[in-house]
Amino acid sequence: MQSFILMSEKLLEIRPILPQNREAAIELVNQFFRMVNKLPLDGIFKIRPRAAAKMVDIYLKLRATDKVLFIGGFIEEELVSLLIARVEEKPYLIEEKNLFIDLAITKQGKRKSGYMKPLVDETFRYAKEKGILAIELRAISENEGAVQFWKKMGFDPFYVRFRKSV
């Protein structure tokens with residue numbers, strides 16, 4: 001996989017996240033986690049320190065299983081967007097499996113530049129190649145920009161996930 005997409009005079013290359021991209025991936029995931037931790041949620045939901053490093057390391061290990069899509073959008077060597085998805089086995093459903101997007105983030109200062117759409121398109125291609133019929137994800141309702149983006153990409157609300165502090 002090496003897709004090249006011309007984005008406002010710059011070439012966006014979509015390629016797998018590899019161990020040499022670890023630090024840049026951690027920084028990008030950290031940006032997302034810091035943003036989530038600033039949202040006015042229920043006061044309990046907080047992402048732990050070092051969670052980004054743990055998440056990136058786990059997915060770097062899982063890349064070899066053929067059940068993970070861990071891709072980035074690069075402008076030259078700069079990682080500007082990142083998407084992590086995993087195959088979920090659902091033997092109790094007719095669809096049997098789906099692709100679940102765990103994380104999709106564009107670098108601060110580069111959001112709304114079109115750098116995520118090519119990664120989502122690559123995710124659609126990957127799902128079709130694997131015979132996967134559905135892609136799912138969660139978006140925090142307070143993150144209105146993300147909710148709007150996913151709707152624009154053709155995703156529809158499917159589950160309602162409730163939360164109550166006890």
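A compact table of results
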| read-out | value |
| --- | --- |
| Segment 30-46 - residue that is charged (D, E, K, R) and without any contact (Cβ under 8 Å) to a residue 60 or more places away in the chain and, of those, most open to solvent (accessible area, probe 1.4 Å) | Lys38 |
| Flag if Ile5 is in a strand (DSSP E or B), modelled with pLDDT under 95 and under 28 Å from Ala134 (Cα atoms) | yes |
| Verdict on Val56 being within 18 Å of the chain's Cα centre (by Cα), of a type outside the set (Lys, Arg) and closer than 22 Å to Trp150 by Cα | no |
| Single residue of Glu96, Glu76 found to be closer than 26 Å to Gly131 by Cα and either over 12 Å from the mean Cα position of the chain (by Cα) or among the aromatic types (Phe, Trp, Tyr) (or both) | Glu96 |
| Residue count for segment 34-57, restricted to those that are touching a strand residue (DSSP E or B) at 6+ places or on another chain (Cβ under 9 Å) and at pLDDT 95 or above | 2 |
| Conditions (1) in contact (Cβ under 8 Å) with a residue 12 or more places away in the chain; (2) farther than 25 Å from Pro157 by Cβ; (3) hydroxyl-bearing (Ser, Thr, Tyr): number failed by Tyr126 | (2) |
| Hits in segment 47-67 (condition: open to solvent by 70 Å² or more (accessible area, probe 1.4 Å) and not in a helix (DSSP H, G or I)) | Arg48, Pro49, Arg50, Asp66, Lys67 |
| Failed item, numbered, when Ala25 is tested on (1) in a helix (DSSP H, G or I); (2) open to solvent by 20 Å² or more (accessible area, probe 1.4 Å) | (2) |
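The values are calculated or read from the model by the stated rules, or taken from the named source; none is laboratory data. This is a predicted model, so every value here is computed, not measured. No Cβ is skipped: glycine too gets one built from the backbone with ideal geometry, and neighbour counts run over all protein chains shown. What goes into the accessible areas is simple: the full protein's heavy atoms, side chains included, and nothing from ligands, DNA or RNA. Shrake-Rupley method; radii C 1.70, N 1.55, O 1.52, S 1.80 Å.
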